[in-house]
Amino acid sequence: MTDHGNAALAAEHPEPRREGPERAETANERQAFLRDVLEGLSRPQKELPCKWLYDARGSALFERICDLPEYYPTRTELSILERHIGAMAPQLGSGCAVIEYGSGSGLKTQLLLEHVRHAACYVPVDISASALADATARLQRRFPALTIAPVRGDFMHPITLPPEARRAQRRAVFFPGSTIGNLHRDETVVFLSRARRDCGRGGGLLLGIDLLKDRATLLRAYDDPRGVTAAFDQNLLVRANAELGADFDVDSFRHEARFDERLGRVEMHLVARRDHDVHVGGVTFRFEAGESIHTESSYKYALTELRALAALAGWRCEQVWTDEQAWFAVCWLVTA
């Protein structure tokens, strides 16, 4: 799980020029969801991309997870930011364009923007038009003098930065929440290389990462006794039924968190309780009792490994801030 989510924004006026893009976004997203489900359930180890966990209900459930005592990442990263923001913000420099992958509108984004001197602009990047509109409106109310230039796109693919960002004295990416942990190691290098190109010469990256720790702490964070994480995970099946006409029997799957020490990652799985068939998109998928759908990976890093991956992508780690238990870190990287 990562500390982000998308908020739904309803259109208030039904004129065609506003309805069309919204309809197209919904239709395209549904087609992409169906493709990922059909492809993922056809693999020997059934798997679904974690991005589909975050519909409106999934995002609301994740907000509840962030408040659980077992789920340490959100509050730990926020405490690091609150304690050290006075040292972090000057690293970005005056007149910097702040680029955030994901439409941040919460405390972390506001905290950074409050402390950056004379920010040239703030550029939220998100694949969802509604999430961008919501974040832009919220932050514009909070920072009326700040230029906000949203970019709709997938930050795992090349994006075109707005003129306000290209003209800035410097560009820096803000990527909190350990969202990078959802990427496999090879994807991480690709992502960091793309972020370096977005920042350009002299750019920076303020990155939140979850650090390796004991198995018990990790598993509690991803399988809480109240069952909120289980509901969040199972909501992926609820969403497939509602949006794709699938016939998952949600109660026939249980949530399970696993820690793979070799790969250094926590995995979330939906495990079939019994033998049964599931139908979606005109295709039948057989589930045997004990067979699972892998719904999320969350990699945990040693700082030495993070530095090595960053170096492969052309970054140099200049400064690291952690909590007292060294459970989480916020790193400042600069282009090498």
- region 218-225 - phi-based ³J(HN,Hα) in whole Hz, Karplus 6.51/-1.76/1.60, Gly and Pro as x: 5, 5, 4, 5, 10, 7, 6, x
- Message: For region 174-270, compute the orientation-averaged projected area of the C-alpha convex hull (one quarter of its surface), in nm².
- Response: 8.5 nm²
- Message: List the lysines whose Cα sits under 21 Å from the Cα of Lys213, skipping any in the same chain fewer than 8 residues away.
- Response: Lys300
- Message: Cut-off 19 Å, label point 7 angstrom out along Cα-to-Cβ of Glu82: give me the residues of region 187-217 whose amide nitrogen falls inside.
- Response: 208-209
- Collect residues whose amide H, placed 1.01 Å from N in the peptide plane, falls under 5 Å from the amide H of Phe253; neighbours closer than 5 in sequence don't count. Arg273
- Query: Remind me, what semi-axes does the chain give for its equivalent ellipsoid, largest first in whole Å, using sqrt of 5 times each Cα gyration tensor eigenvalue?
  - Reply: 33, 25, 18
- May I ask for the net charge around Val320, where only other residues with Cβ less than 15 Å from the Cβ of Val320 are counted and Lys, Arg are +1 while Asp, Glu are -1? -3
- In degrees, nearest 10, range 0 to 90: what is the angle between the Cα axis of helix 185-199 and the longest Cα principal axis of the chain? 30 degrees
- Item | In order through region 74-86: 3J(HN,Hα) via Karplus (6.51 cos²θ - 1.76 cosθ + 1.60), integer Hz, x for Gly, Pro | 5, 5, 5, 5, 4, 5, 5, 4, 4, 6, 10, 4, x
- Note on the structure: Quick shape check on region 64-137: root eigenvalues a ≥ b ≥ c of the Cα gyration tensor, a/c under 1.5 is rounded, otherwise prolate if a/b tops b/c, else oblate, and it reads oblate
- Message: I need to check one value: relative contact order of the chain, counting alpha carbon pairs closer than 8 Å and at least 6 residues apart, in percent.
- Response: 21 percent
- Applied in sequence order to region 279-284, the curve 6.51 cos²θ - 1.76 cosθ + 1.60 (Karplus, θ = phi - 60°) yields integer Hz couplings, x standing for Gly and Pro, of 10, 7, x, x, 10, 9
- Task: Sort the following peptides by mean Cβ neighbour count (other Cβ atoms within 10 Å, averaged over residues), highest first: 222-228, 233-239.
- Result: 233-239, 222-228
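None of the figures in this text is laboratory data; all of them are computed from the coordinates on show. Predicted model only: the values in this text are computed from it and were never measured. Here Cβ is always computed from backbone atoms with ideal geometry, including for glycine, and neighbour counts include all displayed protein chains.
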